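Peer 1: Sharing a structure below in structure tokens format, with a few things to ask.
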Protein chains: 4
Amino acid sequence: MRILFVGDVFGSAGRRIVREHIAHVIAERGVDLVIINAENAAGGFGCTPAIAEELFDLGAHVLTTGNHVWDKRELIEYMQSVPEDSHERPRRVIRPANYVSGTPGHGVYEGTLPNGQAYAVINLQGRVFMASNDDPFRKMDALLETIQAKVIFVDFHAEATSEKVALGWYLDGRVTAVVGTHTHVPTADNRVLPGGTAYQTDVGMSGPYESVIGVEKELVLQRFLTGMPGKFEAAKGDPRMAALLIECDGVTGRAYTTQRLLLGE
Amino acid sequence: MRILFVGDVFGSAGRRIVREHIAHVIAERGVDLVIINAENAAGGFGCTPAIAEELFDLGAHVLTTGNHVWDKRELIEYMQSVPEDSHERPRRVIRPANYVSGTPGHGVYEGTLPNGQAYAVINLQGRVFMASNDDPFRKMDALLETIQAKVIFVDFHAEATSEKVALGWYLDGRVTAVVGTHTHVPTADNRVLPGGTAYQTDVGMSGPYESVIGVEKELVLQRFLTGMPGKFEAAKGDPRMAALLIECDGVTGRAYTTQRLLLGE
Amino acid sequence: MRILFVGDVFGSAGRRIVREHIAHVIAERGVDLVIINAENAAGGFGCTPAIAEELFDLGAHVLTTGNHVWDKRELIEYMQSVPEDSHERPRRVIRPANYVSGTPGHGVYEGTLPNGQAYAVINLQGRVFMASNDDPFRKMDALLETIQAKVIFVDFHAEATSEKVALGWYLDGRVTAVVGTHTHVPTADNRVLPGGTAYQTDVGMSGPYESVIGVEKELVLQRFLTGMPGKFEAAKGDPRMAALLIECDGVTGRAYTTQRLLLGE
Amino acid sequence: MRILFVGDVFGSAGRRIVREHIAHVIAERGVDLVIINAENAAGGFGCTPAIAEELFDLGAHVLTTGNHVWDKRELIEYMQSVPEDSHERPRRVIRPANYVSGTPGHGVYEGTLPNGQAYAVINLQGRVFMASNDDPFRKMDALLETIQAKVIFVDFHAEATSEKVALGWYLDGRVTAVVGTHTHVPTADNRVLPGGTAYQTDVGMSGPYESVIGVEKELVLQRFLTGMPGKFEAAKGDPRMAALLIECDGVTGRAYTTQRLLLGE
Ligand SMILES: [Fe+2]
Ligand SMILES: [Fe+2]
Ligand SMILES: [Fe+2]
Ligand SMILES: [Fe+2]
Ligand SMILES: [Fe+2]
Ligand SMILES: [Fe+2]
Ligand SMILES: [Fe+2]
Ligand SMILES: [Fe+2]
């Protein structure tokens, strides 16, 4: 079974480059399950229901997010428009599972592919250099007790390499994949850990690489140089789709191989 | 002209794997200038004079460091054992240039290769999610007014991808290379920016990859799981040398190509 | 009923000034319940069993701590030397209650005074600008469901004024007192909130005020000026005991008045 | 000579309570020099030219600010509407002096009172738990070499008590007063240090104390409880003017006494 995970789609340039590539990747590589991190899909800040629909139309089964999930408030209504046990699209947009209990939305989606293959997708957020949230390690222990699927994909939205690498080892042999998002730079450490868990510290951004992590570079440089506030706008130049392709066993949930993709114009 | 930059050497496993590979890489790739980040070479915490000598013996021209530079106090005496205008080994161990004026050691080394090629190596430290230091952007402006060499290599020891990418763009066309260190995970974004500056967000650690960024993974997991203090020890498993090979024009200082290396046992 | 809360005892100077004053304050003010924050009592870093005994000998009923609780490892054994339902001294040393489940020690102590008055003392730690821990707000909700006593004292060990003030309002009318520790500077905002909860953002350190929050000022200045590591030693000059005296109703647990004490030589 | 320093004026409630009290304090206490921190005067976020004029009308000689200085962009134009050597009102609104060189506005104002008394006011910002700026310690060294006045007041806008206390000791005997702002809670440690410098870690907010540091408490609690974004609005309840009154020698610039004021309705 093959899983394609597409990193933080950033603004219109990111959406455009994903639209350009994703269909042929899915077809040529025989992808079964498509997961896209959409936290920056709307101009770099959050995701709207319309953009979520657009990404589902491109073949996504599940959309993950991260710290930008609430930037567009209408996404909250969208996520809450269906009940927890629904399998409709709004239910398949998830936010980090270790947000405090009672937060809108859900942190896990369990589904079944047309071929009958069960799977689960979990979104988690780190705590080092980020906002305080519930312990992601303990949260995973709790979630794994309730999840039925053998194929389990974890999008760990975190800043510090230490926390991401540590969670990878912690879950090795217990989930199919732990793949990082949030730093917007793809790392070259994708591999299958000894226990059979696919791992990559960060899959990287699907967006404009002539930028500072998605934003117009002159605007970010002004911020660094002056310390003064200023509007951040999504850049357009050098768009690339960053993704990780994972091959795994649908019965055991163990990963065989990983392959990094970085597809430009 | 070819430059080899070896990422944060971590503990004895890191030193051993560098020793195993560096000579044949230098020979086979025709490397002219060898720079090694040594901030974690002594058991993960700093670098001793003896270990610095060991790395120079392996062919290093310059050793860079980072936030761990003062972990072994004897390195201060070593760095101060020769005058500022010396070209001896202790002068070729540098610390971040944007540490406050008056800090022991130097942040820049300018030298000449046997073939007469002049070069400069600069070490800088970031400020996002790190200790307060002088502005690395302004510091670079000041340094570039005084440096004669056309070939200028910058080791930017920083945590946040935004700050590293921003400095890359800021220096594009003004230096030969901006290569990041400190996160201990190699990034897959090495390239030559439009102005001719080689760039990589992080070259990655040269050390044990069966670890959490160099440290025994069980010890780091205990820290994350309990929040309690505990000794950190360098891991040994799965050592790899992470490096970036840069080809550049010795006359103009502009880079042509970059190539990522990750060499295991 | 009267409660005396003594702020972070710092080093030998702090212990000495507390020894000098606490007996006469207890006697003259008719104090019923004495709580001392001991996280810095051993040279500024943690607390030993011997020092804990010394503070109990001075009349403390309960010792609270904070982020320095594990600095002296022998305190762990001490805390674990008696069962959870014990009322012996080791059980009356508590650590922040919102540390992850499974952490050594306990975060709450419920006891009874000789006159039959039941009370509870809770220690909590903040998350803003501090290590990640469980949510202190939610933790309080859970604890208050299990605590029988009406008189409930909370030592909130936290950095940011916003988090401390917010917890005060959150618990107003639900506990007897929310008093902050950790910043080592007494605040002038002690008062009884409208719901009857005594509040002070920080009670301040009981230690040497000719210092930088307890440490020899020259050593801290060197750290700020150079960024270089160096040993921190407890200062001795100008010792003062910082405390808050709270008068409350033993039946309802509501506070009537607060009074700040800052007693020097 | 007497200096009155009024802490962070917060929103309309803060402006109103300052208007209610400042004239009689100036008159009754014989205040010569009035300095007001105005960084939150406009609804909690920055200061407008109209509000600056309002505060000058109340008797302020100089307005200091802090990290919120750029929240209202029109203040930049106001500050830049007069030349550096002007003594008009726009020149007497200052921002932290250790912002990077080239930042709009100025960090120091040197003036003369009607009675011929020269004075200087310096605004500085801390770096611990705050944005990266130039070193406030070194910046003070540089400024003190150029300032002619003997009476020098420093508003140190900073978060961490350690950094504030350390700067107090660093400047003891070199300036008339080091008074902290930013945490919005008055500290009870006002005193004259041995060298003759008046010191207080934080003068506290002049604003609504039925709030979380100025903001409606329910809104801040929601933020802490849910982690979700939401509009912050200035509170109104329980307004108080927090200030420090300093008596000093106009010739030597040394302070004699300090007195804390916290004046409600
Ligand atoms: Fe993102
Ligand atoms: Fe993110
Ligand atoms: Fe390192
Ligand atoms: Fe480092
Ligand atoms: Fe403390
Ligand atoms: Fe503390
Ligand atoms: Fe403020
Ligand atoms: Fe502020």
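Peer 1: With respect to residue B:142, determine if the residue is modelled with pLDDT of 95 or more, closer than 30 Å to residue A:204 by Cα and more than 16 Å from ligand 7 (Cβ to nearest atom). So that I can check it myself, show each step before the final result.
Peer 2: Values: modelled with pLDDT of 95 or more: yes; closer than 30 Å to residue A:204 by Cα: no; more than 16 Å from ligand 7 (Cβ to nearest atom): yes.
No, not satisfied.
Peer 1: Sticking with this one: Can you name the condition, by its number, that residue B:231 falls short on among (1) modelled with pLDDT under 95; (2) part of a strand (DSSP E or B)?
Peer 2: Looking at each condition in turn, residue B:231 falls short on (2).
Peer 1: Which condition breaks for residue B:194 when tested against (1) within 16 Å of ligand 4 (Cβ to nearest atom); (2) assigned to a loop (DSSP other than H, G, I, E, B)?
Peer 2: Evaluating residue B:194 over (1) within 16 Å of ligand 4 (Cβ to nearest atom); (2) assigned to a loop (DSSP other than H, G, I, E, B) leaves (1) as the failure.
Peer 1: Also, I was wondering about something else. Would you pick out the residues in the range D:64-85 that are away from chain A (no Cβ under 14 Å) and touching a Pro at 6+ places or on another chain (Cβ under 9 Å)? It would help to see each step written out before you state the result.
Peer 2: So in the range D:64-85, the residues away from chain A (no Cβ under 14 Å) come out as D:64, D:78, D:81-85.
Within the range D:64-85, D:64, D:78, D:81, D:82 meet the criteria.
Peer 1: Could you tell me whether the range D:148-165 includes any residue that is within 16 Å of the chain's Cα centre (by Cα), basic (Lys, Arg) and assigned to a helix (DSSP H, G or I)?
Peer 2: The answer is yes; a qualifying residue exists.
Peer 1: On to the next question. List every residue pair whose Cβ atoms sit under 7 Å apart, with the two residues 6 or more apart in sequence or on different chains, where the first one lies in the range A:216-236 and is at positive phi and the second, anywhere, is in a loop (DSSP other than H, G, I, E, B).
Peer 2: A:227/D:99; A:227/D:100; A:227/D:131; A:227/D:133
Peer 1: Quickly run through the range B:41-77 and pick out the residues that are touching a residue at least 60 places away in the same chain (Cβ under 8 Å) and hydroxyl-bearing (Ser, Thr, Tyr).
Peer 2: The answer is B:64, B:65.
Peer 1: Looking only at the range A:126-149, count every residue that is within 11 Å of another protein chain (Cβ to nearest Cβ) and in contact (Cβ under 8 Å) with a residue 60 or more places away in the chain and tell me the total.
Peer 2: Taking the range A:126-149 and keeping what is within 11 Å of another protein chain (Cβ to nearest Cβ), we get A:126-138, A:141.
From the residues that got through so far, the ones that are in contact (Cβ under 8 Å) with a residue 60 or more places away in the chain too are A:130-131.
Qualifying residue count for the region: 2.
Peer 1: Tell me yes or no: at least one residue of the range C:172-181 is within 24 Å of residue C:29 (Cα to Cα), in a loop (DSSP other than H, G, I, E, B) and within 16 Å of ligand 7 (Cβ to nearest atom). Explain how you work it out, then say what you get.
Peer 2: Narrowing the range C:172-181 to residues within 24 Å of residue C:29 (Cα to Cα): C:175-181.
If we keep only those that are in a loop (DSSP other than H, G, I, E, B) as well, we get C:176.
Narrowing further to those that are within 16 Å of ligand 7 (Cβ to nearest atom): none.
Scanning the range C:172-181 turns up no residue that is within 24 Å of residue C:29 (Cα to Cα), in a loop (DSSP other than H, G, I, E, B) and within 16 Å of ligand 7 (Cβ to nearest atom).
Peer 1: Restricting to the range A:155-200, what's the tally of residues that are in contact with a helix residue (DSSP H, G or I) (Cβ under 8 Å, 6 or more places away or on another chain) and among the small types (Gly, Ala, Ser)?
Peer 2: Number satisfying all stated conditions: 4.
Peer 1: Out of the range D:150-169, which residues are away from chain B (no Cβ under 14 Å) and within 23 Å of residue D:101 (Cβ to Cβ)? If you could, list the steps in order and put the result at the bottom.
Peer 2: From the range D:150-169, those away from chain B (no Cβ under 14 Å) are D:150-157, D:161, D:164-165, D:168-169; that's our starting set.
If the condition is that a residue be away from chain B (no Cβ under 14 Å) and within 23 Å of residue D:101 (Cβ to Cβ), then D:152, D:153, D:154, D:155, D:156, D:157 are the ones that fit.
Peer 1: Counting only residues that are within 11 Å of chain A (Cβ to nearest Cβ), within 17 Å of the chain's Cα centre (by Cα) and away from ligand 1 (no atom under 16 Å from the Cβ), how many does the range B:172-187 have? Break it down into steps so the answer makes sense when it comes.
Peer 2: At the first step, the residues of the range B:172-187 found to be within 11 Å of chain A (Cβ to nearest Cβ) are B:172, B:180, B:182-187.
Checking the rest, the ones that are also within 17 Å of the chain's Cα centre (by Cα) come to B:180, B:182-187.
With the extra rule that they be away from ligand 1 (no atom under 16 Å from the Cβ), the set shrinks to B:180, B:182-186.
Count: 6.
Peer 1: Output the number of residues of the range D:248-264 satisfying the condition of being within 19 Å of residue D:188 (Cβ to Cβ) and either surrounded by fewer than 18 Cβ atoms within 10 Å (Cβ to Cβ) or aliphatic (A, V, I, L, M) (or both). Full working, then the answer.
Peer 2: Taking the range D:248-264 first, the residues within 19 Å of residue D:188 (Cβ to Cβ) are D:255, D:257-264.
Filter once more, so that each one left must be either surrounded by fewer than 18 Cβ atoms within 10 Å (Cβ to Cβ) or aliphatic (A, V, I, L, M) (or both): D:255, D:257, D:259-264.
Matching residues across the range D:248-264 total 8.
Peer 1: Now, a different point. Looking only at the range D:104-125, which residues are within 14 Å of another protein chain (Cβ to nearest Cβ) and either buried (at least 18 other Cβ atoms within 10 Å of the Cβ) or of a type in the set (Gly, Ala, Ser) (or both)? Break it down stepwise before answering.
Peer 2: Let us first name the residues in the range D:104-125 that are within 14 Å of another protein chain (Cβ to nearest Cβ), namely D:104-105, D:107, D:124-125.
Once the filter is applied, which keeps residues that are within 14 Å of another protein chain (Cβ to nearest Cβ) and either buried (at least 18 other Cβ atoms within 10 Å of the Cβ) or of a type in the set (Gly, Ala, Ser) (or both), the range D:104-125 yields D:105, D:107, D:124, D:125.
Peer 1: Test residue C:58 against the stated conditions and say whether it is under 30 Å from residue C:102 (Cα atoms) and away from ligand 8 (no atom under 16 Å from the Cβ). Steps first, please.
Peer 2: On the way: under 30 Å from residue C:102 (Cα atoms): no; away from ligand 8 (no atom under 16 Å from the Cβ): yes.
Criteria not met by residue C:58.
Peer 1: Between D:84, D:39, D:77, which is under 16 Å from residue D:121 (Cα atoms), surrounded by fewer than 20 Cβ atoms within 10 Å (Cβ to Cβ) and either more than 16 Å from ligand 5 (Cβ to nearest atom) or among the hydrophobic types (A, V, I, L, M, F, W, C) (or both)?
Peer 2: On the way: D:39 fails: surrounded by fewer than 20 Cβ atoms within 10 Å (Cβ to Cβ); D:77 fails: under 16 Å from residue D:121 (Cα atoms).
Among D:84, D:39, D:77, only D:84 is under 16 Å from residue D:121 (Cα atoms), surrounded by fewer than 20 Cβ atoms within 10 Å (Cβ to Cβ) and either more than 16 Å from ligand 5 (Cβ to nearest atom) or among the hydrophobic types (A, V, I, L, M, F, W, C) (or both).
Peer 1: Then there's this: Which condition number in (1) within 19 Å of the chain's Cα centre (by Cα); (2) without any contact (Cβ under 8 Å) to a residue 40 or more places away in the chain; (3) away from ligand 5 (no atom under 16 Å from the Cβ) is the one that residue C:194 fails?
Peer 2: (1)
Peer 1: What's the total number of residues in the range C:1-18 that are closer than 21 Å to residue C:33 by Cα, in contact (Cβ under 8 Å) with a residue 60 or more places away in the chain and away from ligand 6 (no atom under 16 Å from the Cβ)?
Peer 2: 7
Peer 1: Anything in the range C:115-135 that is more than 17 Å from residue C:39 (Cβ to Cβ), not in a loop (DSSP other than H, G, I, E, B) and not hydroxyl-bearing (Ser, Thr, Tyr)? List them, or say none.
Peer 2: C:118, C:120
Peer 1: Same structure, new question: Any residue at all in the range C:105-121 that's in contact with a helix residue (DSSP H, G or I) (Cβ under 6 Å, 6 or more places away or on another chain) and not β-branched (Val, Ile, Thr)?
Peer 2: There is at least one residue in the range C:105-121 that is in contact with a helix residue (DSSP H, G or I) (Cβ under 6 Å, 6 or more places away or on another chain) and not β-branched (Val, Ile, Thr).
Peer 1: Which of the following residues is within 19 Å of residue A:172 (Cβ to Cβ), in contact (Cβ under 8 Å) with a residue 40 or more places away in the chain, assigned to a strand (DSSP E or B) and within 13 Å of chain A (Cβ to nearest Cβ): B:260, B:240?
Peer 2: Details: B:260 fails: within 19 Å of residue A:172 (Cβ to Cβ).
Unique residue meeting the criteria: B:240.
Peer 1: What's the total number of residues in the range C:12-70 that are of a type in the set (D, E, K, R) and farther than 19 Å from residue C:109 by Cβ? Before you say what the answer is, go through the steps one by one.
Peer 2: Residues of the range C:12-70 of a type in the set (D, E, K, R): C:15-16, C:19-20, C:28-29, C:32, C:39, C:53-54, C:57.
Okay, now just the ones that are also farther than 19 Å from residue C:109 by Cβ, so C:15-16, C:19-20, C:28-29.
The qualifying residues number 6.
Peer 1: Then there is this: Within the range A:144-186, how many residues turn out to be closer than 25 Å to residue A:113 by Cβ and surrounded by fewer than 24 Cβ atoms within 10 Å (Cβ to Cβ)?
Peer 2: 10
Peer 1: Are any residues in the range B:188-209 within 9 Å of chain A (Cβ to nearest Cβ) and surrounded by fewer than 16 Cβ atoms within 10 Å (Cβ to Cβ), and if so, which ones?
Peer 2: Of everything in the range B:188-209, just one residue is within 9 Å of chain A (Cβ to nearest Cβ) and surrounded by fewer than 16 Cβ atoms within 10 Å (Cβ to Cβ), namely B:194.
The values are calculated or read from the model by the stated rules, or taken from the named source; none is laboratory data. Small disclaimer: the values here were computed from a predicted structure and weren't measured. FYI the Cβ positions are ideal-geometry reconstructions off the backbone, even for glycines, and counts take in every protein chain you see.
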